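The values are calculated or read from the model by the stated rules, or taken from the named source; none is laboratory data. For clarity, every value in this text was computed on a predicted model and none was experimentally measured. Every residue, glycine as well, gets a Cβ built from its backbone with ideal geometry; the counts of neighbours run over all protein chains shown. Protein only, heavy atoms only, side chains kept; ligands, DNA and RNA dropped before computing areas. Shrake-Rupley method; radii C 1.70, N 1.55, O 1.52, S 1.80 Å.
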Amino acid sequence: MTAPMAVALIGYGAWGRYHARALAATPSARLTVIAARGEAASTAGADWPQARVLGDWREAVADPAIEAVFVAVPNHLHAEVALAALGAGKHVLLEKPMALTLAACDALVAAARASGRVLTIGHELRLSTQFGRIAALIDEGAIGRPEAVQISLFRFPYRSGAGGWRYDRARVGSWLLEEAVHHADLALWWLRASGEPVSLRADTVGDPAMPRAFSVTLRFADGAAATLVNTVAGFEHHLAVAVIGESGSIRALWSAAMDRAETATASLHLFRGCAAPGARAEALDFAPSGEVHELATQAERAIRGFRAGRALVTPEEGRAAVAACLLAERSAREGREIAWREACG
């Protein structure tokens, strides 16, 4: 029997704590080290007495006993920590966004290739029993070639994060990179048969980097399109998804009081063929969905992927989602549609 992989968790904020729980419940992993400072370090030590708590993440990354590193720190530190971990010969699960610039993304892609280790990006929605199922339905041809993706989020304002980092442009990057990056990844994943986008247009309400609401449309050479709509000045957390294909359609809804709720009102419907008035779609069953559940699945599958030399979400895919968000901010600032290759090639 293969021994559990020794893992260091870098960061023990609110989301890092969920990562710790996921790792502790993963048979393939052993939560060995947690890097945290101040009150977070004290909390980590009380929560996980079997793990060493280190104040300097560099010490954790350099530990020769550590085989893999999970990075759950504020956005502006993602690239620095992951580059150091790869340089130290560790496998890495890196929270989204992969980095705040395409140059940093490119450095991570190169570092992963040079190290021979696996870098996987934390787009856990792909592992959802609900939203991940959509990819499987597309792959099996349930709706024919997908022609349009629509993703709409209506939610409460963002939590401030430790030291208010989510409201600091230098540390968060942008609010598109904070959450819409997940939706960009899903859209690009579901429409991967269409290739990369050819253009993007975005409009925002408020600061293009930290908008209260925005819409983004990505267009593809074969006529496919994806539209992302986000409102972060609402209430509760409601996500609606529609995927329209040549010969069918899919609709998914997820609603709860909070984004990290363990239970939600959720549904997934499939219609095969061309719908007529009054036609009823097929309601599909799925296990509980939500980012807390997906985080646990991600931890186990990431470890398996490390052992197999395979990323759940490749660095190249992580880069594409970042590129979409950076280009969306630029499009909103300039008030025009922008060619994908102009900025992202």
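A helix-only calculation puts the chain at -10000 deg cm²/dmol for mean residue ellipticity at 222 nm, using -39500 (n - 2.57) for each DSSP H run of at least four residues, averaged over all residues.
Dipole magnitude of the chain about its Cα centre, charges +1 at Lys/Arg Cβ and -1 at Asp/Glu Cβ only, in debye to the nearest 20?
260
Set against the labelled values (i) 29, 24, 21; (ii) 33, 23, 20; (iii) 44, 22, 19, semi-axes √(5λ) of the Cα gyration tensor in Å computed from this structure falls on (ii).
Under the convention that each Lys and Arg Cβ holds +1 and each Asp and Glu Cβ holds -1, the size of the dipole of segment 209-298 around its Cα centre is about 300 debye. Summed over the residues of the chain and divided among them, the accessible surface reaches 41 Å² per residue at a probe radius of 1.4 Å. Among the protein heavy atoms of the chain, carbon and sulfur supply 53% of the accessible surface, probe 1.4 Å, non-protein parts ignored. Nearest 5 percent is fine: what portion of the DSSP beta bridges confined to segment 116-269 is antiparallel? Antiparallel bridges: around 85 percent, rounded to the nearest 5. Relative contact order of segment 39-167, taken over Cα pairs closer than 8 Å and 6 or more residues apart, is 16 percent.
I'd like the antiparallel share, as a percent to the nearest 5, of DSSP beta bridges with both residues in the chain.
Counting DSSP beta bridges with both partners in the chain, the antiparallel share is about 60 percent.
Ordering Q150, V81, A99 by Cα displacement along the dipole of segment 70-222 toward the positive end leaves V81 in first place; charges were set at the Cβ atoms of Lys, Arg (+1) and Asp, Glu (-1). For the peptides 33-42, 105-114, 291-300, 83-92, residues were scored by their other Cβ atoms within 10 Å and the scores averaged per peptide; the highest-first order is 83-92, 291-300, 33-42, 105-114.
Using the Kyte-Doolittle scale, which helices in the chain average at least -1.0 and also have C-alpha atoms spread 27 Å or more along the helix axis, with helices defined as whole DSSP H runs?
315-334
Summing Cβ point charges (Lys, Arg +1; Asp, Glu -1) relative to the Cα centre of segment 1-119 gives a dipole of roughly 200 debye.
Loop-located chymotrypsin sites (Phe, Trp or Tyr not before Pro) in segment 129-237 (DSSP state not H, G, I, E or B) with no more than 16 neighbouring Cβ atoms inside 10 Å: Y158, F235.
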